[in-house]
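Report on one structure; see the data block that follows.
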Amino acid sequence: MRRILLVVFLIFAEALLAFGQTEADSLKQVIAQSEGSEQIDALNRLAALLLQDRPARAREYASQALELAQKEKYRKAVAQAWLHIGDSYFYEEKYDSATGFYEDALKLYRQINDPDGIATSLYYLAVNYDYNKDRALAAGYYLQAAQKYDSLHQVRTLSDIYYSLGMIYDTGGDNYKALDYYQKSLAITDSLDLPQESAATLNTIGTLFYDWGNFKEALSYYKKSLKIMRQGNNLEGIAQTLNNIGILYYDWGNLDEALKFYKESLQIEEQRGNEAGMSSSYNNIGIIYADQKKYDQALDYYNRSLEIERKHNDKSGIATSLNNLGELYSETGQPLRAIGMLEQSLTLEKEIGDALGIAIAFNTLSALHLKNGNINKSLRYNDSSLAIANRLSNPETIMDAYKNYTDAYEVMDKPGLALHYQKRYAALKDSLFSENMHKEIARLQASYELDKKQKEIELLNSRNRLHQLDLENKRIIVRRQRVIMYITIVGFVAVLIVSIILFRLMFQKRKAYALLNEQNREILRNRNELIRARDKAEESDRLKSIFLANMSHELRTPLNGILGFTEILRSEVKDPAHREMADVINTSGNRLLETLNSIIDLSIIESNKMELNAVQISLDDLINERVTLYKIAASKKNLYLNTDIPEKGIVFLSDAKILRNLLNNLIDNAIKYTRTGGIDVGAAIDYATDPPAMEFRVSDTGIGIPQEQVKFIFEKFRQVSEGHNREYEGAGLGLTICKKYLELLNGSLQVESRPGEGSTFIARFPVALARENMPRQDAKEKQKDNIRFRGKKPRVLVVENEETNLRYIEYNLKNFCQVDAAMDGPEAIRQVSEKQYDAILMDINLGATMNGMTAAQHIRQVPGYSSIPIAAVTANAMKGQKEEFLAGGCTHYLSKPFTTAQIRDLVKEMLNGRS
Ligand code: ADP
């Protein structure tokens, strides 16, 4: 295994060497082939490469680089070259020579403002002064370098610098400062996660505490260090730390513990094959065994150490071992052997030039020779020892020398001299004791101070921690307070906003309430006023109606008398003059009656008492009836009266009474205001509008109306010829009434007129048509209409409270039925109990007394009527109503408005079913 490792190591080493060679060679090639900055850089790099192993050669390359760089004014390279030259002297331990070059480099780096260069130069200067044992300057440069590296954030180097500063203060005895810098270095290596570096620093701090006499603290640092080193399997470090702990326990007086650690350290050194370490351990273990008076084991270990030292020919080491052996022999009562060993040690000490070692050796030999009875030799060695000890001002050795003199003069029986040296010995011992005491006191004091300081630091740390906790707590409290404050503010704002909103709402509500109250009061006022006005209107209406009814009654009654008796007079009186008088009275009475009728009609319209009653109207019949009515009057004046109805068979829905009055008024006027020519009465449907419009035209060839008068003729009591020169009779109400009629029908009345040529009055109003339901009857159907049922006409009872409707139905059925009418339910019931009808047409809405359905149900109770067909003929045509009527006792149903064909078909169906 070891062999394989060795082979691997050799290959690796060769590769490294080859690599180094290759790099140096390639640099040399670059130097040979290039020039300028490239050549200079290569020279500098080659110098850097050779510095550690061949500083003089490196200096040559650096000098070449320097010369070229100065020529090229390549200042950075100049500084670099100076650094390399400085380094070359440093590695040759020519620290004074190095200083100048480092300083030059630093100056130049400062000029070109190169922070890295400045930091490096400062650091190198510091190390250089440190090695040159000029600790004050070294510390100064270290501190400057530390500042630079700190600002460059190069903390790894900073940790080294802090460690070096610690060492400087440690050596200088300023333990506090040393500890401070060690701790700083430790903090960095900890943060950079460099555990082995941290362990080395912990070890150093342990030694600092050991030197300080604070063994407890020292042990704690050593143990911390040991733990980390064990984790990193750092054998060298482990062995060294174990050794340190051993020394610590030895000084503490705990030999067993010390032995345990020494042996463990030895084991690792043996494992590592580190003979220097092994030798040191052998000696340490030997000393313990000697102290424990286990002389054989002590001898064994001393000899093992001596063997190694001899192998390496380490004179200092050999001398130490021989010295140890000499003391061992002396203690075990073998003075000659002891002398032999010590003589050899002395020779080596002399060779090494260790004065104190020589002095101690002379001293020990002096004591041994005295023991051996060789007084002269003893005194001679003692003289030498004292002389050197005096020169070294080493009180312990001087004291030992005095002791030797006292013993020797006692043996020589020279009590005066013996006393003299005894006194000097005692005095020195006293002073040494007191000095040691002082030292011990100082040490204890220092230890106490350090402990105190440590405790203070700990206290400070814990205070800091407490403070931090406190701060954290305070921060939390502040944060909490802030949160609470924010919440409070937000809450307050929210409450404020809500309050404002509520207040505004309340305000608006109040305002609204006030307004509402005001409006209510206003409404109430208006309502009261309206009620009063309505009451007043109703009252005046009632009075008007009463007045109209009274006037109508009071005027009609005497007129009835007048007209009735003039009628009798006309037939009774024989005298033509008296008969003429009776005629005049009769005509005047009739005119008065007409005027009275007009006034009553207008009053009825104006008091909104006029109710429209829409029924199906045959246009042909309507026009022909009117024209027939006025034929005589027209022919009396030799006027023609023609009709013009381009479309026959039109049936429409409207108020027949109004239309008859309208046509009466227009035709009457036309005849009145025409002297020659005649009148055309036209009627046509305008399908262009929706709904279609009915248009009546009454044209005459009369006097016409001047344009400026047209606007007056529709006003109440207005006429074209007014005042005392009135040519024509009339109250001036006819056109007014016509206009009002058309307004009721949603229509209009217009006039086209030319004075002297004639006038045309045009009445237009929308109508609902039923034309498509009026198929033309062919001859066969006409025949069918005339079929008589069982030789006599069937009896039909029409129950209808609206006279026009009643007449319309009668008009349609009269050809094949015997029609009786009942205006309400009770009347119908009475009639059916008197006569047997074949069919009953029942209107449903019969006014206040009884509705059609109730009437029908009563009729069903009358004997002979249980199965007689009853048809509900009604404007109640809403969905579901038909079914309701059929379920309630009716057998048939016909909705209003209906056509002639519909009503006829219905009745035929009812009668056929019966027969
Ligand atoms: P009255 O005919 O009773 O005087 P109307 O209200 O019927 O009242 O007519 C108002 C006026 O309009 C009439 O007085 C007359 O001057 C004029 N007038 C009405 N119809 C015609 C007509 N067909 N030709 C000429 N003038 C007419």
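The values are calculated or read from the model by the stated rules, or taken from the named source; none is laboratory data. Note that this is a predicted model, so its numbers are computed, not measured. So basically every Cβ, Gly included, is an ideal-geometry build from the backbone, and we count neighbours across all protein chains shown. Just so you know, the surface numbers come from the protein's heavy atoms only, side chains and all, with ligands and any DNA or RNA stripped out. Shrake-Rupley method; radii C 1.70, N 1.55, O 1.52, S 1.80 Å.
From (1) open to solvent by less than 60 Å² (accessible area, probe 1.4 Å); (2) in contact with a helix residue (DSSP H, G or I) (Cβ under 7 Å, 6 or more places away or on another chain), pick out the condition that doesn't hold for Gly253.
(2) is the only condition that Gly253 fails.
Can you name the condition, by its number, that Ser635 falls short on among (1) within 16 Å of the ligand (Cβ to nearest atom); (2) under 29 Å from Thr595 (Cβ atoms); (3) not in a loop (DSSP other than H, G, I, E, B)?
Just one mismatch for Ser635, condition (1).
Listed here are the residues, each with its yes/no results for (1) in contact with an Asp or Glu (Cβ under 8 Å, 6 or more places away or on another chain); (2) assigned to a helix (DSSP H, G or I); (3) free of Cβ contacts under 8 Å to residues at least 24 places away in the same chain.
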| residue | (1), (2), (3) |
| --- | --- |
| Leu322 | no, yes, no |
| Glu327 | no, yes, no |
| Leu348 | no, yes, no |
| Glu351 | no, yes, no |
| Gly357 | yes, yes, no |
| Phe362 | no, yes, no |
| Ala367 | yes, yes, no |
| Asn382 | no, yes, no |
| Asn390 | no, yes, yes |
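Condition check: touching a strand residue (DSSP E or B) at 6+ places or on another chain (Cβ under 9 Å), of a type in the set (D, E, K, R) and closer than 22 Å to Asn597 by Cα. Does Lys739 satisfy that?
Numbers: touching a strand residue (DSSP E or B) at 6+ places or on another chain (Cβ under 9 Å): yes; of a type in the set (D, E, K, R): yes; closer than 22 Å to Asn597 by Cα: yes.
Criteria met by Lys739.
Within the range 303-320, does at least one residue satisfy the condition of being hydrophobic (A, V, I, L, M, F, W, C) and under 28 Å from Leu202 (Cα atoms)?
no
Got at least one residue in the range 697-707 being modelled with pLDDT of 90 or more and more than 13 Å from the ligand (Cβ to nearest atom)?
Looking through the range 697-707, none of the residues is modelled with pLDDT of 90 or more and more than 13 Å from the ligand (Cβ to nearest atom).
Which ones in the range 592-603 are open to solvent by 60 Å² or more (accessible area, probe 1.4 Å) and within 17 Å of Leu543 (Cα to Cα)? Spell out the reasoning first.
So the first thing to find is which residues in the range 592-603 are open to solvent by 60 Å² or more (accessible area, probe 1.4 Å), and the list is 592, 594, 599.
Answer for the range 592-603, where residues must be open to solvent by 60 Å² or more (accessible area, probe 1.4 Å) and within 17 Å of Leu543 (Cα to Cα): just Ile599.
Among the residues of the range 554-565, are any at pLDDT 80 or above, within 30 Å of Leu744 (Cα to Cα) and in contact with a Leu (Cβ under 9 Å, 6 or more places away or on another chain)?
Start the filter on the range 554-565 by keeping residues that are at pLDDT 80 or above, which leaves none.
No.
Could you tell me how many of the residues in the range 748-764 are touching a strand residue (DSSP E or B) at 6+ places or on another chain (Cβ under 6 Å) and more than 10 Å from the ligand (Cβ to nearest atom)?
The initial filter retains those residues of the range 748-764 that are touching a strand residue (DSSP E or B) at 6+ places or on another chain (Cβ under 6 Å), namely 748-753, 758-764.
Right, trim to more than 10 Å from the ligand (Cβ to nearest atom) and you get 748-750, 752, 762-764.
The qualifying residues number 7.
Please count how many residues of the range 317-363 are farther than 22 Å from Asp300 by Cβ and open to solvent by 30 Å² or more (accessible area, probe 1.4 Å).
Looking only at that region, the number is 9.
Give, as residue ranges, the helices (runs of 4 or more DSSP H) completely inside the range 770-876 that count at least 3 residues that are over 20 Å from Cys890 (Cβ atoms) and modelled with pLDDT of 75 or more.
Numbers: elements: 779-785, 803-813, 825-834, 852-861.
Qualifying helices (runs of 4 or more DSSP H): 803-813.
Cβ-Cβ distance below 7 Å, separation of 6 or more or different chains: which pairs start in the range 888-905 with a residue that is assigned to a loop (DSSP other than H, G, I, E, B) and end on one that is at pLDDT below 85 and open to solvent by 30 Å² or more (accessible area, probe 1.4 Å)?
Pairs found: Lys896/Ala875; Thr899/Asn773; Thr899/Met774.
Within the range 27-47, how many residues are open to solvent by 50 Å² or more (accessible area, probe 1.4 Å) and among the small types (Gly, Ala, Ser)?
Summing the residues that are open to solvent by 50 Å² or more (accessible area, probe 1.4 Å) and among the small types (Gly, Ala, Ser) in the range 27-47 gives 2.
Take the conditions buried (at least 22 other Cβ atoms within 10 Å of the Cβ), in a helix (DSSP H, G or I) and modelled with pLDDT under 95 and apply them to Leu226. Does it pass? Steps first, answer last, please.
On the way: buried (at least 22 other Cβ atoms within 10 Å of the Cβ): yes; in a helix (DSSP H, G or I): yes; modelled with pLDDT under 95: yes.
Yes.
Answer with yes or no whether Asp96 is more than 60 Å from the chain's Cα centre (by Cα), part of a helix (DSSP H, G or I) and at pLDDT 90 or above.
On the way: more than 60 Å from the chain's Cα centre (by Cα): yes; part of a helix (DSSP H, G or I): yes; at pLDDT 90 or above: yes.
Answer is yes for this residue.
Which one of Leu659, Leu733, Leu666 is more than 12 Å from the ligand (Cβ to nearest atom) and either open to solvent by less than 70 Å² (accessible area, probe 1.4 Å) or touching a Leu at 6+ places or on another chain (Cβ under 7 Å) (or both)? Write out each step before concluding.
Values: Leu733 fails: more than 12 Å from the ligand (Cβ to nearest atom); Leu666 fails: more than 12 Å from the ligand (Cβ to nearest atom).
Only one candidate passes the filter, namely Leu659.
Do we find that Ala688 is more than 60 Å from the chain's Cα centre (by Cα) and either more than 12 Å from the ligand (Cβ to nearest atom) or surrounded by fewer than 18 Cβ atoms within 10 Å (Cβ to Cβ) (or both) in this structure? If you could, list the steps in order and put the result at the bottom.
On the way: more than 60 Å from the chain's Cα centre (by Cα): yes; either more than 12 Å from the ligand (Cβ to nearest atom) or surrounded by fewer than 18 Cβ atoms within 10 Å (Cβ to Cβ) (or both): yes.
Against the criterion (more than 60 Å from the chain's Cα centre (by Cα) and either more than 12 Å from the ligand (Cβ to nearest atom) or surrounded by fewer than 18 Cβ atoms within 10 Å (Cβ to Cβ) (or both)), Ala688 qualifies.
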